Amino acid sequence: MFRKLVEPQETVTILFDGKPIKAARGDSVAAALLAAGVGAFRHSEISKEPRAPYCLMGICFDCLITIDSVANRQSCQVEVAEGMVIQSQQGLRVIDGRVPE
Amino acid sequence: MAQLERCEYVVVGGGVVGETIAWGLARGGVKPLILDAGDCADRASRQNMAQIVHTLTRKPAYPRAGPNAPWAVGQGFDPVEFHLWAYNAAKRWPQYAELLKDETKIDVNLIQNGFFGIHFSQAEGEAACKFLEKISIATAGQSTKFELLDHKETHKRLPNIGPKVATSVFFPKDGQVNVLRVLQALNVALAGRGCEYRANHLVNNIEPVAGGFKITGEWGEVQTEKVILAAGRGNERLAPMVGLSSPLFRSKGQILLTEKCAPIFPNGYATDIVQQDTDGNIRIGNSNVLTTDSNLTDPVGAAAIVQRAVQAFPSLAGLSIIRIWSGFRVLPPDMAPIYEQSTSAPGAFVVTVNGGVCLAPGHLFNLAPAILAGQLGAEYDPFKARRFCVPQTS
Amino acid sequence: MTARKITAVTDLAEAYDLIIVGAGPAGLTAATEAAAHGVSILVTDESDGPGGQMYRSITRLSESQFAFLGPDYWQGTSRVKAFNASTISYAPHTTAWSLNPVEDNTGANTSGTGVEVGISLAGAARLLRARHVILATGAMERPMPIPGWTLPGVMTAGAGQIALKSAGMVPAGKVVLAGCGPMLYQLAYQLLLAGIKITALIDTTDRNQMGKALAHLPGFLCSPYFFKGLKLLAKLRSSVPFIRGVTGLEATGNGHVERLRYRKNGQWQEIQADLVMLHQGVVPELSLANSAGCALDWNPRQLSFQPRLDGDGQTTVPGISIAGDGAKIGGADLAEVSGRLAALGALSSMGVLEKARKADLKRPLERMLARFQRGRPFLDTLYRPSDGFRIPSDDQTMVCRCEEVLAGQVRSAIAFGAPGPNQLKAFVRCGMGSCQGRLCSLTVTEMMAAERKVNPEKIGFYHLRPPVKPLNVGELTSLPTSREAIMAAGGSDHR
């Protein structure tokens, strides 16, 4: 869906749903995932439909993803860092480590 | 010139209180007209904790007379009456919800599996129970069951309770409802019964005339035989126009709304500080500021609310707050309802309550039929506003 | 002296003379202009570097590799340089979530009022005081609710520009641009220059608007936009398949966009697409102004609400001014002049710049403003999005993306008599999600206006309250509280 125009000078490795991805330093998590060909970032809370970034400027809240165990982070507002663990989200955020009933 | 519109019943106020009464009147065979304010009006029905609690959980603090309280609480008021009224209302919530569902197919997500009053000290929890014991005795057991739980017991039922919570008071029969759904359902029910709801019809004046009342606003006027004031804070202004009074205490509250998440409490439990609606959003409350005239959001106050909530439930710390509601409560000076029929203009009724969600079944099953019968009986005497003695002007 | 970068709330002062929210074109010039007069200034911005959206990532891109972004972009370098050389405090990665006029008992402000700004940075929140605030929060894309617009792979043209500038990313595979307006064509042009093959540009420009736009043609011909526009469109027409006169769109696919259907001459056709970029203009981002109670008026030509301002950019709330696209859409050049004017207005309001001097400084700027305004009426009229694309006719189209509310549900609620957008929320939860109505407010207002056959001005808009961006519980708890507040939160029986 997206590719880099220029090869990044510095890269970091991040994990997305367990898979390692090479990301350019300075990129947002959203950009890095899009560049790696990720389609759906999450499945929505109400009807579980697939969602991905829409605006890339922090106002649509569709790019929400779990970063380093914190859910619902706007991935277009967070910069990639070495070793970052990113997980796609399915439905409602869970706090407490509790499994939804 | 257009003919003056004539009605039999007008309900002023389109929130849960007004629409419940209107629905009750409609079920009794009449078609009330509901006049509601505009889109930007302050609406208690849309900014609340949606709690259903059979009773007060602590002794109300009577306000001292002063600039914020130009009346003094009279000696006549009996909190037992209020408890009985609230108890019987909350008890009939399942019936209310069932009726709404039958008529509208809308499920208002009533959950009455248990409600916790959270306390950060042993003394607080014990004081609450002492008060509740008194009520239980005074009402001969017709009050909600409750249990004082220590931290360990609380933790068994609410595994995410924080270590700073010393005790909780558990009310097994209490809980919450989805107020937005209630409003939606009431709208559908009223429409289904041919009752008209008119928004952008803020009432400026009500004048007793022969045969009833003339109600006017910028939108025009309407004449009615009976008028029921259910306009929340607006009642303070409107009641005197029909020979009634509806003094209100100025109490500002804020409620924080978080993003949606999976259920945080088992069994749909609700607590007085934190509860989660069936859409997944968590509500965090509840503050009481008596010294301000501004209903603007107060971030410092909100911070204090959320600090307390995090002490109660530390796992809330990662959530995002997406909205802060702030406004003045509809709060009669002793927290108990004002239900009164005007003596100078007997077709007028005032209904001013704190906790209109909780008391809704009382309004549907008792109050509406009484209004329809044209007379509020003696059982409503404790709720008359004259229990607030307005000091003589010297 | 140079700009001082703030990276933690502990670096912040409790109060500033001037707080500017946004470091895009208007914020940059407002800060630079005001700094010359010796007042204490804080500039906050959500991004990682100055430039806003127009000059996004300008400090990180190589001019040689990204020359194709064009002179309109690269002019930003000088603005940022001047900004960085100014004596200001600059806080990137900072969200401003509340704005409240407050009483100022310090006597510092001649009006007796000040403004309180709630910000969050690096996990902590603070309430800051300012004698004056300039909002330079810019614009956002007008929502374009077509069936399927929530599918992964459907994004805005703005997103395409951000991907390009902030991450040097370009579409791979079949990319279809759809909509109308200068920004769409500009994106297409930049992608072309970057060597991307655009599958199609599906143009939804309303043909009826050309006739109406002609009335404004003379102004356009004398404007800076005319030649730029001609050159751009000529290049596009020769290199990109244009499909014009499109009156309907639908994105379809399984889990991701695969096709874009479009209606032309009454017939539906479809084109394969891996990526769809939608655009039908931008509108002011008004959340802070809204929440602070600034009066907002409907602009019928630009089809959006905009703040009511005086000649100094001052809103109806004392101490709060707005500059740039956040006041009225006009592009970067206009925003920069507007920023400078707002700064002069704020300085005057603070008593730092006396009236006659202000008038002298304003005069050349006002001439520039007039020059940059020429041509806008033509563009606004020509590219006015058609009713069908602003007001979804298909009941199955999602209107509120956050709460997943469909157009049909909104229409039912309107039919029920909901008095306005705020009460509508109570019926169908539209606008109750995290985006706080940024993607549905205009749609809802216009749907109500259309159903009720009244002007959108009469319908109104969602009244926002702080926080206008989600605030983490952790951030809020970090706010210093008072004993009073803690006592007030001690719980009560009140519902």
* **Dipole of the protein assembly as shown, positive direction: furthest Cα of C:Pro470, C:Gly181, B:Ala86, with charges on the beta-carbon** => C:Gly181
* To do: Bin width 10 Å, alpha-carbon pairs only: give the P(r) of chain B as whole percents, running from 0 to the bin holding the largest distance.
  => 5, 23, 33, 26, 11, 3, 0, 0
* To do: For helix C:182-193, report the angle its Cα long axis makes with the longest principal axis of the Cα atoms of chain C; keep it between 0 and 90° and round to the nearest 10°.
  => 70 degrees
* Please give the peptides C:6-14, B:88-96 ranked by average Cβ packing (other Cβ atoms within 10 Å per residue), highest first, as a rough proxy for protection. => B:88-96, C:6-14
* Post the alpha-carbon centroid distance, the range C:1-53 to the range A:39-99, in whole angstrom. => 30 Å
* For the protein assembly as shown, what size does the Cα cloud have along each of its three principal axes, sorted from largest down, in whole Å? -> 87, 72, 64
* Structure fact -> Cα-Cα longer than 26 Å, checked against B:Lys214/B:Lys252; B:Lys226/C:Lys425; B:Lys31/B:Lys101; B:Lys173/B:Lys226; B:Lys152/B:Lys173, kept in input order, equals B:Lys214/B:Lys252; B:Lys226/C:Lys425; B:Lys173/B:Lys226
* Give me the angle, in degrees from 0 to 90, between the Cα long axis of helix C:441-452 and the longest principal axis of the Cα atoms of chain C, rounded to the nearest 10. => 60 degrees
* Per-selection Kirkwood Rh - the range C:128-253 (Cα, Å, 1 d.p.) -> 16.7 Å
* Structure fact -> Of the candidates A:Gly39, A:Cys60, A:Gln87, the farthest towards the positive dipole end of the range A:11-90 (Lys/Arg Cβ +1, Asp/Glu Cβ -1, centred on the Cα centre) is A:Gly39
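Based on DSSP H runs of at least 4 residues, each adding -39500 (n - 2.57), what is the mean residue ellipticity at 222 nm of the protein assembly as shown after dividing by all its residues, to the nearest 500 deg cm²/dmol?
-8000 deg cm²/dmol
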* **Surface/4 of the Cα convex hull for the range C:1-127, nm²** => 8.3 nm²
* Structure fact -> Rounded to whole angstroms and listed largest first, the alpha-carbon spread of the range A:11-90 along its three principal axes comes to 36, 25, 22
* Structure fact -> Violations at 20 Å Cα threshold for listed pairs A:Lys22/C:Lys469; A:Lys4/C:Lys174; C:Lys197/C:Lys235 -> A:Lys22/C:Lys469
* Structure fact -> Listed by chain and number, the aspartates and glutamates with an alpha carbon less than 14 angstrom from that of B:Lys145, same-chain partners under 8 positions apart left out, are B:Glu133, B:Asp174
* To do: Mind pulling the per residue volume of the convex hull built on the Cα atoms of the range B:115-172? Å³ is fine.
  => 59 Å³
* Cysteines having no other Cys beta carbon under 4.7 Å from their own, within chain C -> C:Cys180, C:Cys222, C:Cys294, C:Cys402, C:Cys435
* In debye, nearest 20, what is the charge dipole magnitude of the range B:250-328 about its Cα centre with +1 on Lys and Arg Cβ and -1 on Asp and Glu Cβ, if you could check? => 80 debye
* Cα-based Kirkwood hydrodynamic radius, the range C:393-489, one decimal, Å -> 14.8 Å
* Structure fact -> Per the charge dipole of the protein assembly as shown (beta-carbon charges, Lys/Arg positive, Asp/Glu negative, Cα centre), the residue among C:Ile486, B:Pro266, B:Ala185 reaching farthest to the positive end is B:Ala185
* With axes computed from alpha carbons, what is the tilt in degrees of helix C:355-373 against the longest principal axis of chain C, rounded to the nearest 10 within 0 to 90? -> 10 degrees
* Cα pair distances of chain C binned at 10 Å [whole percent] -> 4, 18, 29, 27, 16, 5, 1, 0
* To do: In vacuum, with every alpha carbon of the range B:250-328 counted as one equal point scatterer, what does the Debye formula give for log10 I(q)/I(0) at q = 0.15, 0.18, 0.19 Å⁻¹? Two decimals, please.
  => -0.50, -0.70, -0.77
* **Charged-residue dipole, Cβ positions (Lys, Arg, Asp, Glu), the protein assembly as shown about Cα centre, Debye nearest 20** => 1640 debye
* Asked: Assigning unit charges at the beta carbon (Lys, Arg +1; Asp, Glu -1) and nothing else, what dipole magnitude in debye, to the nearest 20, does the range C:393-489 show about its Cα centre?
  -> 200 debye
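Where a number appears in this text, it was derived from the coordinates with a stated rule and is not lab data. None of these values were measured; they are calculated from a predicted model. With ideal geometry, Cβ positions are generated from the backbone for all residues, glycine too; neighbour counts draw on all protein chains shown.
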